[in-house]
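Here the structure comes first, spelled out in structure tokens, and everything after it is commentary.
The values are calculated or read from the model by the stated rules, or taken from the named source; none is laboratory data. These figures come from a predicted structure and were not determined experimentally. Cβ coordinates were reconstructed from backbone atoms using ideal geometry, including for glycine residues, and neighbour counts include every protein chain displayed. The protein model used for the area step is the full one, side chains on, heavy atoms only, and it has no ligands, DNA or RNA in it. Shrake-Rupley method; radii C 1.70, N 1.55, O 1.52, S 1.80 Å.
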Amino acid sequence: MTEGNEMLYPNCNSTVWLRSCEKEVSEPLSGKVTGEIPCWLRGSLLRNGPGSLKVGSMRFEHLFDSSALVHRFAIYDGGATYQCRFVETNTFKKNRMAARIVVTEFGTEAVPDPCHTIFDRVASIFKPPELSDNTMISVYPFGDEMYTFTEGPFIHRIDPKTLDTLERKNMKKCIALVNHTSHPHVMPNGDVINVGMSVVEGKLKHVVVKFPYIEKGDMFERARVVGSMKTRWALHPAYMHTFGVTENYFVIIEQPMAISLCGVVCNRLKNKPLASNLQWYPEYETNIVLISKKTGKEVKRFRTETMFFLHIINAFEQDGKLIVDLCAYKNAKAIDAMYVKAIETMQSNADYAEWFRARPKRLEVSLLAPSMTMVTPRLLADVGCETPRIHYEMCNGRPYRYFYAISSDVDADHPGAIIKVDTWSGETMKWFDTDCYASEPIFIPEPGSKEEDAGVLLCALVWGSRECAVGLLVLDARTLQQLAVVHFETPSPAPKCLHGWFLRDHARD
């Protein structure tokens, strides 16, 4: 707090990010519906995100370290049910059994076992500590299977109905990926594309990997590298959370947030958190790299101003130009803003709002322009935005008009708002409610409609003043008019989630 206990951001209740689920909801809870859910809307909204910051008497230090919690909103016959389960990772099970943090995370260092002898501790120096397999960022389909993701090499298959954890896959063994982004692309034919790092001919490179769709069988067995590029700095590859796919290219944004490989090696031996290996280089520009989908080789590289980003909104080709829209920050302080202490002290931190000041920007350049041409970003709308979504099936990698997001302005009148941006005109719409915080809005198209914004948005809701409650919001995507809210009372605190996926269903479970 500032002098006199004045809150700098009185409309923002940051405690929604600091909650820990203490009791899973295995059996579906029925909710109370206000309004009317469209009769054509049937299926499951799966959500992933930070589930618990607590392990025994200890607490994780960064939001990315929180134990993964998957939520399911099952929608049918004008009603909905709710479930939530922890992803039963090796890390989760070991922490729970020991009642303390035994695996080092992104921002949290594990605590040595007090029962270990001096000999055990000396011997551990020669054995690198175990990597965390916590997957609490996103959830994506591979064929008819659903997997939880983070940026490490592990993913977990979950049952989309019971939320049971069924299997762990290690991408190092599958396709030799050191890491990968949290946001693969699911193509219209069912192929899954992702970008990661791998050792190619003795050199570390950013690679594009394809998991070809097959109706029956293992997509992972058929995975192959379909593109690669050299890193700007051999020992400092760029940090990547998302990438773009257009008609002819894989679009890689190489930002000046880099991972120190020497630091990774040294800090693994010291059991230091991954975050200590991230370095921000404000004196360097951001690169836009195009990898040909035909040849798999880098064909062109453009430059733009220094910026940090997590999410690309969309990328496409139009009239001989490449267009990339993303949620851009001036620097990488958004990562620092997600430390637990930073969230707890935000009301006395006058810089906190600027740390999260993301803005939707457009990078537009002629595909005939020479390599290393400088591209000047253009502001699409003067509004804070994060976790952007589009009409994915119709517009991913293609020209589009609308995107939807949540507010990233903690100093706004309604920091929990849902935002719709018209990229043609710059006009914006908002939905908000008092003390209410919405998750990433997922667009579900109305059956048979050809209009880009004909459909609904689905969002999970939490409230600042109600810890043990979660909601499902249904909005008309054209107008952001509220169609329905389903309220659920939960047996323990309901944390705010991050990313999700909607599975259509034509029959009741």
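What order, most packed first, do the peptides 230-242, 197-209 have when packing is the mean number of other Cβ atoms within 10 Å of each residue?
230-242, 197-209
I need the phi-derived Karplus couplings for the range 20-34: 6.51 cos²θ - 1.76 cosθ + 1.60, θ = phi - 60°, integer Hz, Gly and Pro marked x.
With coefficients 6.51, -1.76 and 1.60, one gets 10, 5, 10, 8, 5, 10, 7, 8, x, 8, 7, x, 9, 8, 10 Hz.
Just in the range 415-509: which GluC sites (Glu not before Pro) are loop by DSSP and have at most 11 other Cβ atoms within 10 Å?
Taking the range 415-509 and a limit of 11 other Cβ atoms within 10 Å, the loop GluC sites (Glu not before Pro) found are GLU427.
Would you mind getting the accessible area per residue of the chain, heavy atoms of the protein chains only, 1.4 Å probe, in Å²?
42 Å²
What's the extension gain from GLU130 to ARG378 if we count 0.36 nm per residue and subtract their Cα-Cα distance?
Here the segment from GLU130 to ARG378 would lengthen by 84.9 nm.
Of all the accessible heavy-atom surface of the chain, with the other protein chains kept in place and a 1.4 Å probe, what percent is carbon and sulfur?
Ligands and nucleic acids excluded, carbon and sulfur give 52 percent.
5 Å is the cut-off here: which amide hydrogens, built 1.01 Å from N in the peptide plane, fall below it relative to VAL365, excluding neighbours closer than 5 in sequence?
Excluding prolines and chain starts, which carry no amide H, the hits are LEU322.
Given the Cα-Cα distance of GLU167 and SER371 and 0.36 nm per residue of separation, how much length would full extension add, in nm?
69.1 nm
Based on the mean of other beta carbon atoms within 10 Å per residue, what is the order of 163-169, 285-291, 441-447, most packed first?
For the peptides 163-169, 285-291, 441-447, the packing ranking is 285-291, 441-447, 163-169.
Mean residue ellipticity at 222 nm from the helices of the chain, using -39,500 (n - 2.57) per DSSP H segment of n ≥ 4 over the full residue count, to the nearest 500 deg cm²/dmol?
When only DSSP H runs of four or more count, the value is -2000 deg cm²/dmol.
Among the lysines, which fall within straight-line cross-link reach of LYS169, defined as a Cα-Cα distance under 23 Å, with same-chain neighbours fewer than 8 residues apart omitted?
Reachable lysines: LYS93, LYS94, LYS127, LYS161, LYS205, LYS210, LYS216.
Working only with C-alpha atoms, what are the Rg and Dmax values of the chain, expressed in angstrom?
Answer for the chain, Rg first and Dmax second: 22.1, 68 Å.
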